[in-house]
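The values are calculated or read from the model by the stated rules, or taken from the named source; none is laboratory data. Every value quoted in this text rests on a predicted model; they were computed, and no experiment measured them. Here the Cβ positions follow ideal geometry from the backbone for every residue, glycine too, while neighbour counts run over all protein chains shown.
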Amino acid sequence: MDLFITIAIILIKVIGLTFLVVLPLVPISVYFERRFSAIIQDRVGPNRVGIPLTLFGAKKDLSFFGLIQPMADGLKLFLKEDFTPVHVRKSFYWLAPALTVIPALVTVCVVPFGSPITIGGREIDLVIADLDVGPLFIFAISSLTVYGITLAGWSSNSKFPFIGGVRSTAQMISYEICLGLSIIPVLLWYGELNLSNIVEAQSANGWLLLPLWGESAPWNNGGDYSAWIFWIPAFIAFLIFTISIFAETNRMPFDLPECETELVGGYHTEYSSMKFAMFFMGEYAAMVIGSALIVTMFLGGWSLPFNWDSILQDTEGNWLWFSGLVHLGVFMTKLVAFILFFILVRWTVPRFRYDQLMRLGWVIFFEAALINVFLAALIIAAPELKAVATITGAVVLVVVSAALIWVLKVSDKKEAPNSGLLG
């Protein structure tokens, strides 16, 4: 009986968190993007699609502010003709969309959506798989997405889709390294790879980017300012990680694999109907998961700020039975806010040139993330080191960083203004 209940709980979490929480965010994100871009461009945006009550004799339709527009888009894509060109490699052509959307959904399983909830005396974690290697699992699975994009470009047997697929491969290699290096300071600080434990530590001791309560507050631990000093490498890691997530998800200003001004539509030029919709879903699902990872590691995940989580605990420090639902709402609020930030950046920052994209990944972010790892390690180890060792380490770090910057500046070739690579 216990085995049956355990399997049932796992199935409910898979269906609930994946298909009732994350997947609905995809059409909602599309709606937000259209409304947000309309506000930026001083136009109306989707505001008409609703319930056509006039067909049943009413005086006017019920528009719901255009909220049913994503449903109309999905229905349109589902009913469109599924056209397959005769010149494509069909098996890979059909496989590519699935390889794009499935990895984005699989990574959901290690993201903690809230604190445990208690039902019938049984404690249920609001995470599908509470792995001890959460970030590594996300990187390993999400990196498979590039296979779908590359296969789509190659199997289309067309010039522009192939260029888009090659661009995506180069872009992934460039920014996967930056992503991995940028979170090392976070893992060093918490000594954990379990995302649930990282969130619980931030709930008790201050968010990584907001160390204002618990042990992170200097006034609570006898003047230990290490948490505040560590804010510097933490913020650098946040910047590198966030910008790299933009490149990983092919979002503006790093959407070179699909930029319509150069490649018609990029790797999915030859796709239509639900195959195209799956690429669309994969991109937005990756944006949702990327935002969830940023919120989890840097902004406290599901936790409330300023130690307000203590309100949701009993006298023994255990979570109340409904605290998980409150934390789920908090997590979703942070997630939606960061998705809106993604959308804001897309409609305000112009697209990079391809050579600028590669230079940012290999020449700037790679070196900056590597220096940041040593800076974070020095700050963490400083309380255990003697003053002479700490000062010596700081001087060596400054000298090496200055030498690296000088070498990069000298080796950087001066190009004419119009000599950038476009493809």
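Some values worked out for this structure:
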item	result
Test: residue in segment 322-335 that is surrounded by fewer than 16 Cβ atoms within 10 Å (Cβ to Cβ) and in a loop (DSSP other than H, G, I, E, B)	yes
Which numbered condition Val396 misses (of (1) within 28 Å of the chain's Cα centre (by Cα); (2) in a helix (DSSP H, G or I))	(1)
Neighbours by Cβ (under 8 Å, 6+ apart or cross-chain): first from segment 348-374, under 19 Å from Leu404 (Cα atoms); second of a type in the set (Asp, Glu)	Val363/Asp412
Members of segment 17-38 that are closer than 13 Å to Val108 by Cβ and of a type in the set (Val, Ile, Thr)	Thr18, Val21, Val22, Val26
Residue selected from segment 125-156 under the condition exposed (fewer than 15 other Cβ atoms within 10 Å of the Cβ) and in contact (Cβ under 8 Å) with a residue 24 or more places away in the chain, by the criterion farthest from Pro85 (Cα to Cα)	Asp132
Scope segment 167-198; condition under 14 Å from Asp132 (Cβ atoms) and either hydrophobic (A, V, I, L, M, F, W, C) or surrounded by 21 or more Cβ atoms within 10 Å (Cβ to Cβ) (or both); matching residues	Leu187, Leu193, Leu195, Ser196, Ile198
Candidate set: segment 300-319, residues that are in a loop (DSSP other than H, G, I, E, B) and either in contact with a strand residue (DSSP E or B) (Cβ under 6 Å, 6 or more places away or on another chain) or free of Cβ contacts under 8 Å to residues at least 12 places away in the same chain (or both); chosen: the one nearest to Gly114 (Cα to Cα)	Gly300
Evaluation of Leu397 against (1) of a type outside the set (Ser, Thr, Tyr); (2) more than 18 Å from Phe230 (Cα to Cα); (3) in contact (Cβ under 8 Å) with a residue 24 or more places away in the chain (one fails), failing number	(2)
Residue within segment 95-117 that is among the aliphatic types (A, V, I, L, M) and over 25 Å from Met278 (Cα atoms) present	yes
Segment 84-117: number of residues that are more than 19 Å from Ser168 (Cβ to Cβ) and not in a helix (DSSP H, G or I)	11
Residue that is nearest to the chain's Cα centre (by Cα), among those in segment 79-101 that are within 15 Å of His268 (Cβ to Cβ) and of a type in the set (Gly, Ala, Ser)	Ala98
Subset of segment 388-406 (residues that are among the β-branched types (Val, Ile, Thr) and either surrounded by 10 or more Cβ atoms within 10 Å (Cβ to Cβ) or modelled with pLDDT under 75 (or both))	Thr390, Ile391, Thr392, Val395, Val396, Val398, Val399, Val400, Ile405
Helices (runs of 4 or more DSSP H) within segment 222-299 that include 1 or more residues surrounded by fewer than 24 Cβ atoms within 10 Å (Cβ to Cβ) and of a type in the set (D, E, K, R)	260-263, 273-298
Some residue of segment 53-74 being surrounded by 13 or more Cβ atoms within 10 Å (Cβ to Cβ), of a type in the set (A, V, I, L, M), within 25 Å of Ala286 (Cβ to Cβ) and out of contact with any strand residue (DSSP E or B) (no Cβ under 9 Å at 6 or more places or on another chain)	yes
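The rows are residues; the columns are (1) over 18 Å from Phe276 (Cα atoms); (2) more than 23 Å from the chain's Cα centre (by Cα).
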position	(1), (2)
Leu11	yes, yes
Glu33	yes, no
Val49	yes, yes
Ala72	no, yes
Leu77	no, yes
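Residue by residue, here is whether (1) crowded, with 16+ Cβ neighbours inside 10 Å; (2) at negative phi; (3) in contact with an Asp or Glu (Cβ under 6 Å, 6 or more places away or on another chain); (4) at pLDDT below 85 holds:
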| residue | (1), (2), (3), (4) |
| --- | --- |
| Asp314 | no, yes, no, yes |
| Val349 | no, yes, no, yes |
| Tyr354 | yes, yes, no, yes |
| Val373 | yes, yes, no, no |
| Leu408 | no, yes, no, yes |
